[in-house]
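For reference, the structure is listed below as C-alpha cells.
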C-alpha cells in the first residue's frame, strides 16, 4: 500500500490517473448544481446509493440525464411515486437494474425526508459507517422494512468519501471496497482464499484493515481509495492486453495475474478454483548470462 500511494502521489505509470480528471463523481453532475451544496448532496445520495454492479462513468452520466428530465425524482416528492412509474423513468435514462432500483428510490426518499430532515449529511450523524449499519438494523427491527436500501458498508463508504472530498465530514471507517479493490487483494495474495467466500465478507475485512492501516500510518484514506480504484479499473481490468504493464504498475511483481471475477458478478463469490488471467507483459530490457553449455556467443561473463 505504501508503494502504491507513493506511485499515486508521483503520478507514476498507470497511477497517474487523477480523481479531478478521471473519477466519475468529478466528471458528471447536473448543470447549475454546485458540488457540495444541499441540492448536490440530495442528488448524489441517490446516484451513489444506486451505484452497484455498474460502469461508473455511464452510471453517473445517466443520473445527470435523469435529473435533467425528472428532477423531482431527487427530492422527497419521489417518496410518493409508484415503483412502476420509477422503473419506467429509470429505463429511459439507462440506469442498470431498473426494476430493483425502482423499489429502492421511493423508500430512500422517504427515509431521507422523515428520518434525516432531507439532509443526507445526517445519515452519518453517528460518526461512522458502523453507526449507519446499526441504524438500519434497529429501524428494520422496529418497522419491518429496510430504510436505506442499497446502503451497505461499501455504498455508505462511497457516499461518505464523496462528502469528505468537499470537507463536509470525516468518517474514519469509510473506505469503499468494490470489486476492483477486492480483486487486487486476491491477485496479490494479500488475502489467500482457501474456499469460496461471499464478497461482502471480503469487503468488510479489507475496509477495516485499510482504515486501521491508514490511521496507524497517517495516510489519507481518500487518496488510498482513489489509488486502489484507478489501479483496478484502469490497470487490472485490461492488464493482460498490454505489453508494458511491468513498467506501468508498481505492484506488478507482487501480482499473480488478475483474479477471475466471473463468479463475483454471477453469484457474488470469490472462488479460488477459478483460473486467473495471465499478466501483461514487460518491455524492460535485460541482459542475461549465457549458460556454459550454450552455443551462443557470450556478451559478458559473471564472476
So what's the angle, to the nearest 10 degrees on a 0 to 90 scale, between helix 153-164 and the longest Cα principal axis of the chain?
80
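Hey, can you rank 201-209, 103-111 by average C-beta count inside 10 Å, highest first? Before the final figure, lay out each step's value.
On the way: 201-209: 17.3, 103-111: 20.3.
The most tightly packed comes first, giving 103-111, 201-209.
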Which of 265, 135, 185 moves the most in a Gaussian network model of the chain with Cα springs under 10 Å?
265
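Can you give the alpha-carbon Rg of segment 148-255 over 2.2 N^0.38 Å, where N counts its residues? Kindly include the intermediate steps, with their values, before the conclusion.
Working: Rg = 14.6 Å, N = 108, 2.2 N^0.38 = 13.0 Å.
Compared with the compact-globule rule of thumb, segment 148-255 sits at 1.12.
Assuming R0 = 51 Å, can you tell me the calculated FRET efficiency for the pair residue 293 and residue 39, based on Cβ-Cβ distance, to the nearest 0.05?
Values: r = 75 Å, r/R0 = 1.47.
It comes to 0.10.
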Quarter of Cα convex hull surface for segment 31-164, i.e. mean projection, nm²:
7.5
If I model a spin label as a point 7 Å beyond the Cα along the Cα-Cβ vector, how far apart are those points for residue 271 and residue 204 in nm?
2.4
Euclidean distance between Cα centres, segment 79-114 to segment 215-258, Å
35
For the chain, set up a Gaussian network in which alpha carbons nearer than 10 Å are linked by springs, and say which option among 123, 245, 138 fluctuates the most.
138
The alpha-carbon center of segment 144-174 and that of segment 1-49 are separated, in whole Å, by 15
Quickly work out the residue 115-to-residue 217 label distance, labels modelled 7 Å from Cα along the C-beta direction, and quote it in nm with one decimal.
3.5
Once the Cα atoms of helix 38-49 and of the chain are each reduced to a long axis, what angle between those two axes, in degrees from 0 to 90 to the nearest 10, is obtained?
60
Contour minus Cα-Cα distance for residue 139 and residue 91 (0.36 nm per residue):
14.2 nm
Quick check: the angle from helix 98-115's long axis to the longest principal axis of the chain, C-alpha only, nearest 10 degrees?
60
Relative contact order for segment 31-164 using alpha-carbon pairs under 8 Å, separation at least 6, rounded to a whole percent?
27
Percent relative contact order of the chain, based on C-alpha pairs within less than 8 angstrom and at least six residues apart?
17
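For the pair residue 166 and residue 190, what calculated FRET efficiency results from E = 1/(1 + (r/R0)^6), where r is the Cβ-Cβ distance and R0 = 41 Å, to the nearest 0.05?
Details: r = 31 Å, r/R0 = 0.75.
Rounded to the nearest 0.05, the efficiency is 0.85.
Rule-based calculations on the coordinates, nothing more; no lab input. Note that the coordinates shown come from a computational prediction; the quantities given were computed from them, not determined experimentally. Cβ sites come from the backbone with ideal geometry, for glycine too, and all protein chains shown count toward neighbours.
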